[in-house]
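To start, the structure itself, in structure tokens.
The values are calculated or read from the model by the stated rules, or taken from the named source; none is laboratory data. Treat the numbers as computed from the prediction; the structure is a model and nothing was measured. In this analysis, Cβ positions are derived from the backbone assuming ideal geometry, glycine residues included, and neighbour counts consider all displayed protein chains.
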Amino acid sequence: MNIVKTTIPDVLIIEPKVFGDERGFFFESFNDRHFQEQIGLELHFAQDNYSRSARNVLRGLHYQIKQPQAKLVRVVVGEVFDVAVDLRRNSSTFGKWAGTVLSAENKRQLWIPTGFAHGFLVLTESADFLYKTTDYYAPEHERCVIWNDPDVGIEWPLKGEPILAAKDRLGKRLRDAEVFP
């Protein structure tokens, strides 16, 4: 696998080695030993999640203030613009964001460490999104930063208004959000 640094050094794009020919392709989507060697952390994944969303659905920017989850995310059908926002108050990149296109075609994954909010926008008719988390979902600890916070300034590749869940419409501005030390 190839590791590509983003504008936030802790958020990494992972490009797998893909072997393909006229029959199709093969790639190793996850190897615990190689992943931990490349990332430099000893981790345990607790949960795998799968979601399907329609075009212009924007999910996020989600995080858990207690039981924080690091995430390894990828797309197996379609294409999304995926974003991580640094919520670690003592970080030199606090309030900054990193984003990339993840798709079934490019087979890239994004590593999002704990201390970050995460969200994505579906760019194709639909997208199937898979992600591993390092802790379990805990709805009582879930928080949301509003997707269009001008202080964060994410440049979403969006035409018109996104389709949002009710909880995402109620997201807080970063300046009012509960963040990490």
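Okay, residues lined up against (1) over 23 Å from E28 (Cβ atoms); (2) modelled with pLDDT of 95 or more; (3) in a loop (DSSP other than H, G, I, E, B):
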position: N49; (1), (2), (3): no, yes, no
position: S53; (1), (2), (3): yes, yes, no
position: L61; (1), (2), (3): yes, yes, no
position: V75; (1), (2), (3): no, yes, no
position: V83; (1), (2), (3): yes, yes, no
position: S92; (1), (2), (3): yes, yes, yes
position: G95; (1), (2), (3): yes, yes, yes
position: G99; (1), (2), (3): yes, yes, no
position: L102; (1), (2), (3): no, yes, no
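Of a type outside the set (A, V, I, L, M, F, W, C), touching a Pro at 6+ places or on another chain (Cβ under 6 Å) and over 24 Å from V77 (Cβ atoms): does that describe T134? Don't jump to the end; show me each part of the working.
On the way: of a type outside the set (A, V, I, L, M, F, W, C): yes; touching a Pro at 6+ places or on another chain (Cβ under 6 Å): no; over 24 Å from V77 (Cβ atoms): yes.
So T134 fails the test.
In segment 63-73, which residues are in contact with a helix residue (DSSP H, G or I) (Cβ under 6 Å, 6 or more places away or on another chain) and part of a strand (DSSP E or B)? Steps first, please.
Residues of segment 63-73 in contact with a helix residue (DSSP H, G or I) (Cβ under 6 Å, 6 or more places away or on another chain): 64-67.
If the condition is that a residue be in contact with a helix residue (DSSP H, G or I) (Cβ under 6 Å, 6 or more places away or on another chain) and part of a strand (DSSP E or B), then Q64 is the only one that fits.
Here's the yes/no breakdown for (1) surrounded by fewer than 17 Cβ atoms within 10 Å (Cβ to Cβ); (2) closer than 20 Å to Q64 by Cβ; (3) aromatic (F, W, Y):
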| residue | (1), (2), (3) |
| --- | --- |
| F94 | yes, yes, yes |
| L102 | no, no, no |
| E105 | yes, no, no |
| R143 | no, yes, no |
| I146 | no, yes, no |
| P150 | yes, no, no |
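From the list N49, N2, exactly one residue is polar (S, T, N, Q) and more than 17 Å from the chain's Cα centre (by Cα). Which is it? Full working, then the answer.
Working: N49 fails: more than 17 Å from the chain's Cα centre (by Cα).
N2 is the lone residue from the list that is polar (S, T, N, Q) and more than 17 Å from the chain's Cα centre (by Cα).
Can you tell me which of (1) over 26 Å from E28 (Cα atoms); (2) part of a loop (DSSP other than H, G, I, E, B) is the one R143 doesn't meet?
Of the numbered conditions (1) over 26 Å from E28 (Cα atoms); (2) part of a loop (DSSP other than H, G, I, E, B), the odd one out for R143 is (2).
State which residue is surrounded by the fewest Cβ atoms within 10 Å (Cβ to Cβ) when the search covers only segment 152-181 and only residues that are of a type in the set (K, R) and under 17 Å from V85 (Cα atoms). Even if it seems obvious, please write down each step before you answer.
The first filter runs over segment 152-181 and keeps only residues of a type in the set (K, R), leaving 159, 167, 169, 172-173, 175.
Still in the list and also under 17 Å from V85 (Cα atoms): 172-173, 175.
Details: K172: 14, R173: 13, R175: 11.
Looking at the filtered set, the residue picked out is R175.
Restricting to segment 140-166, name every residue that is under 10 Å from R59 (Cα atoms) and of a type outside the set (A, V, I, L, M, F, W, C).
Scanning segment 140-166 gives a single hit, P162.
Could you check, for segment 22-38, whether at least one of its residues is buried (at least 21 other Cβ atoms within 10 Å of the Cβ), under 28 Å from P139 (Cβ atoms) and over 15 Å from the mean Cα position of the chain (by Cα)?
Kept after step one, since they are buried (at least 21 other Cβ atoms within 10 Å of the Cβ), are these residues of segment 22-38: none.
No, segment 22-38 contains no residue that is buried (at least 21 other Cβ atoms within 10 Å of the Cβ), under 28 Å from P139 (Cβ atoms) and over 15 Å from the mean Cα position of the chain (by Cα).
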